[in-house]
Structure formats: C-alpha cells, structure tokens
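Rule-based calculations on the coordinates, nothing more; no lab input. Source: prediction; values computed, not measured. No Cβ is skipped: glycine too gets one built from the backbone with ideal geometry, and neighbour counts run over all protein chains shown.
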Amino acid sequence: MVQTTHTAPFVMADNSTVDHTAPVTADMNKSRYLSTQWQQRESEQLWPKSWLFAGLESDLKDSGDYIHFEIGVESILIVRDSDHSLGAFYNSCQHRGNRIVTDSHGKGMRHIRCPYHGWTYGFDGALKGVPSRKRFSTEPCAETHSLKSVQVAAFEGLIWVNMDKDAMPLEEYLGTLKDKIAPYNLQRMQLISQQTVALDCNWKTVRDNFLEQYHVDFIHPQHADTVDCENSINTLFPFGHSMTRVKGFVTDEKYTVPEKAPHYLAPLLSGLDLDIDSFDGRVPDIRQAVQQQKRKIAKHLGFDYGPLSDEELTDVIQLDIFPNLFLTIQAEEVSIYTPRPHPSNPDQCYFDKWTLQIPEEMACDPAKGWMLSPLLNTSKETPRPKHDYFDQDAVIAQQKTLSLTFDQDIFYLRDMQAGMHSRGFDKVTLNVDEVRIQHFHNWLDSQLSQ
C-alpha cells in the first residue's frame, strides 16, 4: 500500500458547501521562499486576513491576565476583562506607537499602561488616562485615541486572533476540524513547555517540512518500528487545511517486522501492565494490546477517554490549519507548533512549540506502577513553565531540544534554505506523497491574489 489522499468539504453556517478537488502536484518557483517582495505580499494579504493561533486560554484565567502575540511586523495584546470576556488590540500606544507589553504573557494587570509616557487604557481598549492631558492642543480622548481592536476567539482552550474585521467566524473557518480536535479535550491538559527557536530559513520551509512524510525514512529512522508512515491517510479540507493519520504501535510496511519489540517500548508497556518479552514473535499484537490496556487502566483510574476510538488511543493525528498552525495529537499529549515570519528577512523565521499533557494525577496509579503514557511528567501543582527562547545552533549543539524528531528536522532546514539560493536550483518539484504541500501553496496563492 501507499499513502492515500481524499478531500472533504465544509458546510457553512448558511448551509452552503465549500468543496474542492485534490491538487495535481506541480513545480513551484523558488522565489516564494526567498523574495522580499513575496514576503511583503504575505504581510499585506495573508497575515492580516487569517485566523492565527496566538496562545492558550489557560494563560487568561483571571481579569488582567494577558498574552502578547507577534506575527511579522504586527504585535497584538490579548487580555481578559473583569466580565471574563476577551479583548484583543494592536499592541501600539496611541500616543507615539510604543509597544505596551513585550513579554509573552503575564498576570493581573490593573489596567493596560504604556511604560513610556504612562497612557492607560481599560481592558476594553478605551483610553482612560493621559498624563498632562491639558498640554495637548487637542486633548486625546477615548473616541479618538483608544487602542485599535482585532477579532479574538477561543476554541478548546486555544486563543485565535484575526486582524480582518470582516473575516468569517473562527468556527466556520475551522469547519469539521472542530470535530477532530474536541474529543481530545485539550482544556484538561496542562502546559509542560513553551519554546521558541530562531531559524535560518523561511517560515514556509518549515511549513513544508511538516506537510510531508517523504523524508521520514531518511532523517527519522527511529519511527520505522513504531509508526506506519507508508500507509498514512491524508485528508484535504477547504481553506488550505489538511490532516494526516498515521498508525501507531506498528512496523512501517516497508520494513521487516522484528522478532522482538523495540526496547524503547518497555516503559510504555510496563506502565500498561504488559511484559515486553511476552510479545516475542508476535510484535503485531502490541497495537491491540495497548488499546485494550489503556481502556482497562483508564477505567481503574476514573479517566474518561470520551468518544475516542481504539485507533485514536494509539494513532498519531496531525492537523494542519492554514496558514501556519500544526497540532500533533495523541490521546495523552498534544504538540502545538507554528512557524512565524521574521519581520523583514525571508531567510529567517521563528518556530514556536507548546507541549500539553494530561496531569499525572489523572493518568497514573503509582502504587501499582500503572500509567497511560510514560511521557507524562507534570502534575496539577506544577507551575507554568517559563517561555524558553533559543536559536537553532543550540539545538544542533544538543544544548536545547524540542524532541528528537523536531531536532532532526531543524538540523536540515538551514541547509535547505541555503541551497535554494543557488544558481543551480530554480524550482521546487513535488511528488504525490507531498500533496499536502501543494494543497497549502495553492490556497496561499489564492489568498495572495485577492
């Protein structure tokens, strides 16, 4: 077998249908990854007109809690008001443009206050205070000098913003992807890490990397024994979104099934009260055994997997939400990652990764040595982790890590970007297993042509 791809429509609020056909892969000029003109078009036509993931609702629990989100040259402040509503505003003081906040998140502001000259605003963005107001020839007032707002919405604990006042509602934009996300109950998961790494490549070079599995055999050899990328199932949705589903706890079809289970599965199997040696000669049975034991132990723990199917207890699902969000979803852990453009240099970008997990108290029985996943390492009492910033050299030098798989990807991205500058390279050529890349770029081209 090989990867299979199909399309799925969205039904909109007015019952109209947005449908599309699977794209035919075609060559793409390299300029979209290198050109400052192309980057400027994205700055004008893409980022201000898209729903963008900005952070986690868990950082906005109480009045005065805030998130600071940057995309290209824009900076947006999201804040929780006293009535528990959300407000989102361009992070520019209406006096002389100073950015009001610079840290990624914070708690308990009494008001929004510019540190430069002390102008203050309410959590609704309205101008409240101006030092020496009478010294202005025309006194600044709320009608003329309040913060400029942007759309903000929350879904399953994720915060989104859109600078386009006329943009469709977030729920319509996500379409049936809402039904893919909701069963995993992200809101009961806890943030265990927030990382941002500066990369020497275009944000789309990163995007493309996570939209295909053609490279997995060559730079992620550890996956051959545990996931079957060869037979992944791709779904293409309207608006540039896509999804891929990969079977877990199986051997990739291209490889011989081993006689013994991979040793690194021992902690997981042990936590599920399974003996790794009992699968000698029957490694294909591990997948079903894991599914059954997760059900059994979850019932013992009082943990509810909800509507998740047995397959969703072992498989890996990746949702690709246009233009720049990825969600790699497993039953006990979710990785959220976004490549963001550098404000001025198309050869650089920022790559953000949030990792969420079910707290140990919900998924472990220490007395019996049972746990639903050996990766779990957070409790309900664990403080929020600090936002960690670093560059790709720290990853390559193994001083920092996002995960083994992510680190392997980062190792190559700089060289791919550099190679595209060569006179000896002029176009990107895709195969059928890279159809999600083509789907993304087709919708990108459509967005930039509007």
Margin query: Which of the three applies to the range 14-76, rounded, prolate or oblate, going by the alpha-carbon gyration tensor with a ≥ b ≥ c and a/c under 1.5 meaning rounded?
Written below: oblate
Item checked: Potential extension, GLU311-ASP277 segment - 0.36 nm per residue separation minus Cα distance -> 9.9 nm
Next item on the list: Taking only Cα atoms and a 10 Å spring cutoff, compute GNM fluctuations for the chain and point out the largest among PRO169, PRO323, PRO346.
Entry: PRO169
Next item on the list: Post the alpha-carbon centroid distance, the range 287-347 to the range 386-402, in whole angstrom.
Entry: 23 Å
Checklist line | lysines with Cα under 30 Å of LYS49, excluding same-chain neighbours fewer than 8 positions away | finding: LYS30, LYS61, LYS107, LYS128, LYS148, LYS165, LYS178, LYS180, LYS204, LYS353, LYS427
Note to self: More than 16 angstrom separation, counting every C-alpha pair in the range 376-440; what % is that?
What the structure shows: 69 percent
Next item on the list: Give the Kirkwood hydrodynamic radius (Å, one decimal) of the chain, defined as one over the mean of 1/r across all pairs of different Cα atoms.
Entry: 23.8 Å
Check: Considering only DSSP beta bridges with both partners in the chain, what is the antiparallel share in %, to the nearest 5?
Finding: 90 percent
Next item on the list: Take the alpha-carbon centre of the range 426-450, take the same for the range 31-96, and report the distance between them in whole Å.
Entry: 25 Å
Next item on the list: Provide the packing ranking of 381-390, 360-369, 159-168, i.e. peptides ordered by the mean count of other C-beta atoms within 10 Å per residue, highest first.
Entry: 159-168, 360-369, 381-390
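How much mean residue ellipticity at 222 nm does the chain get from its helices, if each DSSP H run of length 4 or more adds -39500 (n - 2.57) and you divide by all residues, to the nearest 500 deg cm²/dmol?
The helix contribution divided over the chain gives -6000 deg cm²/dmol.
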Next item on the list: Report, ordered by chain and residue number, the lysines lying within cross-link reach of LYS260, taken as a straight Cα distance under 28 Å and ignoring same-chain residues fewer than 8 apart.
Entry: LYS247, LYS294, LYS296, LYS368
Margin query: Give me the base-10 log of I(q)/I(0) for the range 74-161 at each q in 0.11, 0.22, 0.23, 0.25 Å⁻¹, Debye formula, one uniform scatterer per Cα, rounded to two decimals.
Written below: -0.30, -1.11, -1.20, -1.39
Notebook entry, point to check: Going from the alpha-carbon gyration tensor of the range 222-314, what semi-axes, largest first and in whole Å, does one get by taking the root of 5 times each eigenvalue?
Noted result: 25, 21, 9
Checklist line | Cysteines without a disulfide-compatible partner [the chain; Cβ-Cβ under 4.7 Å] | finding: CYS141, CYS201, CYS229, CYS349, CYS364
Next item on the list: Compare the peptides 100-111, 31-42, 419-430 by average per-residue count of other Cβ atoms within 10 angstrom and give them in order, highest first.
Entry: 31-42, 100-111, 419-430
Note to self: From the alpha carbon gyration tensor of the range 1-150, can you work out the equivalent ellipsoid semi-axes (sqrt of 5 times each eigenvalue) and give them in Å, largest to smallest?
What the structure shows: 40, 21, 15
